[in-house]
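Everything on this sheet refers to the single structure shown next.
The values are calculated or read from the model by the stated rules, or taken from the named source; none is laboratory data. This is a predicted model, so every value here is computed, not measured. Cβ placement follows ideal geometry from the backbone for every residue including glycine, while neighbour counts extend to all protein chains displayed.
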Amino acid sequence: MKRLELRDLRKSFGALEVLAGISLHVAAGEFVSILGPSGAGKSTLFQLLTGAIRGEGEMRFDGAPLDGARFAFMPQRDALMPWRRIIDNATLGLEVQGMKRSEARERVAPLFAEFGLAGFERAWPAELSGGMRQRAALLRTVVQQRDMLLLDEPFGALDALTRAAMQRWLETIWRSHRWTALLITHDVREAVLLSDRIYVLSERPARIVREVAVPLPRPRTESHELAREAAAIEADILDTLLGRPVPINEHPMENRND
Amino acid sequence: MAVWYDPLRGGEGASSRELSTIGESGRDGQSPPQGERLAFTRTFANFFPAALAFALLLTAWELYARFGGIAPTVLPAPSRVLAQAWENRAALADNTLPTIRATLAGFAFSLVAAFILSALVDFLAPLRRALFPLLIASQTLPLVAIAPLVVLWFGFGLLPKILLVALVTFFPMMVALVEGYAATSTEISQLLAAMGAGRWRIFWLARLPSALPYFFAGLRISITYAVVGAIFAEYAGAAKGLGIYMLSAKNNFRPDLVLAAVAVSSALTLVLFGLAVLVQRLAMPWENAKGERAGPGGNRPSGEGRR
Ligand SMILES: Nc1ncnc2c1ncn2[C@@H]1O[C@H](COP(=O)(O)OP(=O)(O)O)[C@@H](O)[C@H]1O
Ligand SMILES: [Mg+2]
């Protein structure tokens with residue numbers, strides 16, 4: 001069942017054409033990624049979805065034109081409020097929805113363990129490491145209990161090792177919650193590890209150049225067998241993004257290092 | 001126990017181990033006494049040069065006034081100022097209280113006005129363009145000329161003092177607040193908007209807290225002008241107050257008492273400044289958490305990146 005459906009979405013900033021007709025859909029319980037180079041217009045697409053800006057084209061949710069409060073949005077940087085303790089950052093969305101702070105805290109508190117934040121409820125964001133901040137931001141996102149998650153490069157600012165750990169962690173908790181999610185990333189491996197389907201974007205002006213299904217079973221981090229299959233999909237997508245590498249035998253003069 | 005992210009194991013294992021370490025010894029593992037001693041040493045190291053310079057200056061002045069053949073009616077020695085201040089302590093205290101009252105009342109008025117006006121300006125951009133030239137012009141008015149006029153218009157009561165203190169303290173706080181609102185992270189604003197927050201909600205939840213550091217920077221500047229503003233107002237006309245006390249001491253050829261009143265007003269400003277710093281610390285506890293990390297010795301027991 002399709003939940004989100006976009007048809008021929010377009011957006012220009014003055015003379016700068018950013019989105020040149022984006023059509024995609026996300027089904028219930030599906031994890032979909034949008035993979036594209038930096039500056040392609042990925043964040044702009046999310047701004048259209050959250051209503052921060054307006055563009056042309058059709059946006060439908062459950063068959064009806066999109067109305068405001070469908071998405072829980074996680075912006076590109078964690079956007080934690082430095083003046084709120086972690087628990088109060090986590091309750092922010094619920095407070096905006098009109099819930100009392102004490103009630104919101106009760107709702108949020110049990111999730112801290114699962115998000116690897118137990119014991120840090122009363123810490124300030126400045127006291128947390130980068131990975132923990134991202135988990136706190138994700139916690140703030142999922143507790144809003146909207147129909148769908150929009151995650152904009154959630155791990156983009158982390159170092160490679162932390163990012164790998166966070167991707168595995170997200171895959172693990174996603175399996176137990178099955179949120180309907182749309183993830184923006186420029187990390188091919190991240191997209192393959194987490195997604196059921198991937199839309200590959202061109203450079204700006206962005207259009208969808210390819211749709212890739214990722215039929216690998218979950219969990220995807222358990223066996224090296226799966227890792228090899230994932231690597232094949234990854235290489236295939238990279239070819240789409242960068243063009244196929246020129247075979248070695250067409251360059252007889254080139255030295256081989258291996 | 002050294003814990004490091006193990007790339008051969010799942011993220012689950014890594015994060016739960018990282019957690020258990022922190023849970024056991026993490027935040028409690030910080031030893032506050034050590035931190036306090038360090039803070040004390042640092043504070044002492046910060047203030048020592050200033051105290052030394054001040055003491056040297058006073059000593060030089062004392063020696064010059066005593067042995068330089070200068071009449072005490074022209075330049076009294078610090079010791080004489082101190083002795084006369086003590087002798088006249090009742091009169092001094094009697095005249096200090098109205099100055100404190102005028103300072104605090106004027107400052108409170110200015111504070112409230114700065115908050116209300118800055119919020120209005122934040123919501124209505126045209127108002128900002130209308131008001132700011134006026135506000136900047138207000139800062140060019142020479143206080144010496146304005147003070148007697150304000151007293152002429154509003155009498156010898158508290159009101160002209162409040163207005164003059166507000167005139168000199170309002171601007172730095174107003175500018176700081178307006179700039180502080182503008183410094184709000186766009187991502188936080190967008191996040192709140194996506195959550196369904198309206199303009200007023202965003203102002204309250206994001207713009208106002210974002211402006212706090214700016215506001216306190218402005219407040220610290222303002223508060224050093226406040227006492228001087230009140231004294232100027234009293235100088236121009238008052239029944240009681242440090243300003244009028246200085247005036248009459250000068251007219252009676254008592255520079256020692258003028259200087260005693262000056263010392264009192266300086267002390268007053270220093271105390272107010274210290275209070276402002278204290279309030280800032282209390283109002284922004286997260287600032288103290290910066291640079292500190294949860295975990296023993298400030299080390300993160302994990303391979304996670306830091307910002
Ligand atoms: N509000 C805006 N006004 C003008 N240009 C914008 C605006 N927002 C984004 N852009 C431009 O649109 C392009 C795509 O930006 P963005 O969607 O943030 O890319 P990314 O795919 O890296 O998330 C960039 O060239 C950016 O400069
Ligand atoms: Mg982006």
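Hey, could you check region A:1-45 for residues that are over 17 Å from A:A191 (Cβ atoms) and polar (S, T, N, Q) and say which is surrounded by the most Cβ atoms within 10 Å (Cβ to Cβ)?
This residue is A:T44.
For region A:1-113, which helices (runs of 4 or more DSSP H) that fit wholly inside it have 1 or more residues that are in contact (Cβ under 8 Å) with a residue 60 or more places away in the chain and among the polar types (S, T, N, Q)?
Fully inside region A:1-113 and qualifying: A:42-50.
Can you list the helices (runs of 4 or more DSSP H) lying wholly within region A:139-252 that have 1 or more residues being over 15 Å from the mean Cα position of the chain (by Cα), more than 16 Å from ligand 2 (Cβ to nearest atom) and in the same structural domain as A:K42 (by TED's automatic domain parsing)?
Result: A:160-177, A:224-242.
Restricted to region A:185-204, and to residues that are of a type outside the set (K, R) and within 14 Å of chain B (Cβ to nearest Cβ), which residue is farthest from ligand 1 (Cβ to nearest atom)?
Applying the filter and picking the extreme gives A:L193.
Please state which one of B:L124, B:L131 is surrounded by fewer than 19 Cβ atoms within 10 Å (Cβ to Cβ) and in contact with a helix residue (DSSP H, G or I) (Cβ under 8 Å, 6 or more places away or on another chain).
Going through B:L124, B:L131 in turn, just one is surrounded by fewer than 19 Cβ atoms within 10 Å (Cβ to Cβ) and in contact with a helix residue (DSSP H, G or I) (Cβ under 8 Å, 6 or more places away or on another chain): B:L131.
Answer yes or no as to whether A:F71 is modelled with pLDDT under 95, under 19 Å from the mean Cα position of the chain (by Cα) and away from ligand 2 (no atom under 14 Å from the Cβ).
Spelling it out, A:F71 is indeed modelled with pLDDT under 95, under 19 Å from the mean Cα position of the chain (by Cα) and away from ligand 2 (no atom under 14 Å from the Cβ).
Could you tell me which residue of region B:195-207 is surrounded by the most Cβ atoms within 10 Å (Cβ to Cβ), considering only residues that are at the interface with another protein chain (Cβ under 10 Å from one of its Cβ atoms) and part of a helix (DSSP H, G or I)?
Taking the candidates together, the pick is B:M195.
Go over the candidates A:L35, A:L9, A:L16, A:L48 one by one and state the one that is within 13 Å of ligand 1 (Cβ to nearest atom) and within 14 Å of chain B (Cβ to nearest Cβ).
Residue meeting the stated conditions: A:L48.
Look at region A:30-49 and say how many of its residues are more than 10 Å from ligand 2 (Cβ to nearest atom) and of a type in the set (D, E, K, R).
Adding up the residues that qualify gives 1.
Inside region A:118-144, can you point out the residues that are hydrophobic (A, V, I, L, M, F, W, C), at the interface with another protein chain (Cβ under 9 Å from one of its Cβ atoms) and more than 14 Å from A:F155 (Cβ to Cβ)?
Result: A:A118, A:F120, A:A123, A:W124, A:A126, A:L128.
Can you tell which of A:G98, A:G93 is away from ligand 2 (no atom under 16 Å from the Cβ), among the small types (G, A, S) and surrounded by 23 or more Cβ atoms within 10 Å (Cβ to Cβ)?
After ruling out the rest, the residue left standing is A:G93.
Just checking, does region B:218-232 include any residue being modelled with pLDDT of 90 or more, buried (at least 21 other Cβ atoms within 10 Å of the Cβ), polar (S, T, N, Q) and part of a helix (DSSP H, G or I)?
For region B:218-232, residues modelled with pLDDT of 90 or more, buried (at least 21 other Cβ atoms within 10 Å of the Cβ), polar (S, T, N, Q) and part of a helix (DSSP H, G or I): present.
Let me spell it out: the conditions are (1) free of Cβ contacts under 8 Å to residues at least 40 places away in the same chain; (2) within 20 Å of the chain's Cα centre (by Cα), and A:A123 meets all of them except one. Which number is the exception?
Unmet for A:A123, out of (1) free of Cβ contacts under 8 Å to residues at least 40 places away in the same chain; (2) within 20 Å of the chain's Cα centre (by Cα): (2).
Collect the residues in region B:75-90 that are out of contact with any helix residue (DSSP H, G or I) (no Cβ under 7 Å at 6 or more places or on another chain) and of a type in the set (A, V, I, L, M, F, W, C), keeping them in residue-number order.
If the condition is that a residue be out of contact with any helix residue (DSSP H, G or I) (no Cβ under 7 Å at 6 or more places or on another chain) and of a type in the set (A, V, I, L, M, F, W, C), then B:L82, B:A83, B:W86, B:A90 are the ones that fit.
If I ask for residues that are away from ligand 1 (no atom under 12 Å from the Cβ), within 14 Å of another protein chain (Cβ to nearest Cβ) and crowded, with 17+ Cβ neighbours inside 10 Å, which ones from region A:52-76 would you list?
Answer for region A:52-76, where residues must be away from ligand 1 (no atom under 12 Å from the Cβ), within 14 Å of another protein chain (Cβ to nearest Cβ) and crowded, with 17+ Cβ neighbours inside 10 Å: A:L66, A:R70, A:F71, A:A72, A:F73, A:M74.
Which is away from ligand 2 (no atom under 16 Å from the Cβ) and either more than 24 Å from A:G98 (Cβ to Cβ) or assigned by TED's automatic domain parsing to the domain that holds A:T240 (or both), of A:A27, A:A52?
A:A27
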